[in-house]
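The structure appears right after this line, and notes come after that.
The values are calculated or read from the model by the stated rules, or taken from the named source; none is laboratory data. Please read all numbers here as calculations on a predicted model, not as lab measurements. Because the Cβ atoms are built from the backbone with ideal geometry, glycine has one as well, and the counts that use them run over all protein chains shown. Accessible surface is based on the protein model in full, side chains and every heavy atom, while ligands, DNA and RNA are left aside. Shrake-Rupley method; radii C 1.70, N 1.55, O 1.52, S 1.80 Å.
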Amino acid sequence: VKLSSFYQEAKTKLYENVQFELEQRNKKGQTLFDQVKSLPNSRDKAFALIKLAQLVRKPGFVVHQDVVRDVLNVKKSALLRWPPEKQKILLAYHILTNALTVAETQEDNLSIAYAKGYIAELYAENQRYPEAIYLTRQALSFAQSRPVFSKHNDYDSITHAESLVSKGFQVYYPPQNV
C-alpha cells in the first residue's frame, strides 16, 4: 500500500511539473509540443507525444487558446466557435497523429499500438464507434505482433483495448436475447 501511494504521489508530482513546464514555455512563446516535435524521431519521442496528449485530456488541465490555435493552425474566429473541451479533443488528436507518424517512421509496433489505441479511445468518447473498433483492432494487431511482452503495462493496454472493442460491439451489435 505504501509503495502504491508513493507511485501515485510521484505521478501527481510529475504531472504538476509538466504543467508548470508548459506554463513556463507558454510565457516564453514556445510550447512543450514544439520542443517534443523538434526531437529526432524515436520511440521516446512517440511516447512523449502520447503522454502529452494524455496530459492535454486530463480533467482540469487548461490549454491556452493561442497554443491550440498555433498547434492546430486554425484562425482565431474558428477556434472561438469550439468549446474548450472540443479544442482539447482536437489538440489531443493532432498530437496523437503526430505520435503515430513518428512510430510508423520508426516501424515501432509498440508505439504504433499505443498511438492507435489512444486515437481509438478518442473516437469512442465521441461515439464514433466504427472508427474506434477499426483502430482498436489495428492496435491489438500491432501489439500482438511483438514477440514477447516486455512490461506488465503492455498486457494492461491490450486488455484495455479489448474491452474497448467489446464496448463498441455492445453499442453496434447488442447481445441477442435467445
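Points worth noting:
- Per the listing A143, A132, A78, the residue uniquely more than 30 Å from E16 (Cβ to Cβ), surrounded by fewer than 16 Cβ atoms within 10 Å (Cβ to Cβ) and of a type in the set (G, A, S) is A78.
- Top-ranked residue of the stretch 64-75 - restricted to ones that are open to solvent by 30 Å² or more (accessible area, probe 1.4 Å) and among the hydrophobic types (A, V, I, L, M, F, W, C), ranked as farthest from E121 (Cα to Cα): V74
- Flag for L100 being modelled with pLDDT under 85 and not aromatic (F, W, Y): no
- Residues of the stretch 87-118 that turn out to be polar (S, T, N, Q), open to solvent by less than 30 Å² (accessible area, probe 1.4 Å) and more than 13 Å from F47 (Cα to Cα), as a count: 1
- Counted residues, the stretch 89-123 - those being touching a Ser or Thr at 6+ places or on another chain (Cβ under 8 Å) and free of Cβ contacts under 8 Å to residues at least 60 places away in the same chain: 7
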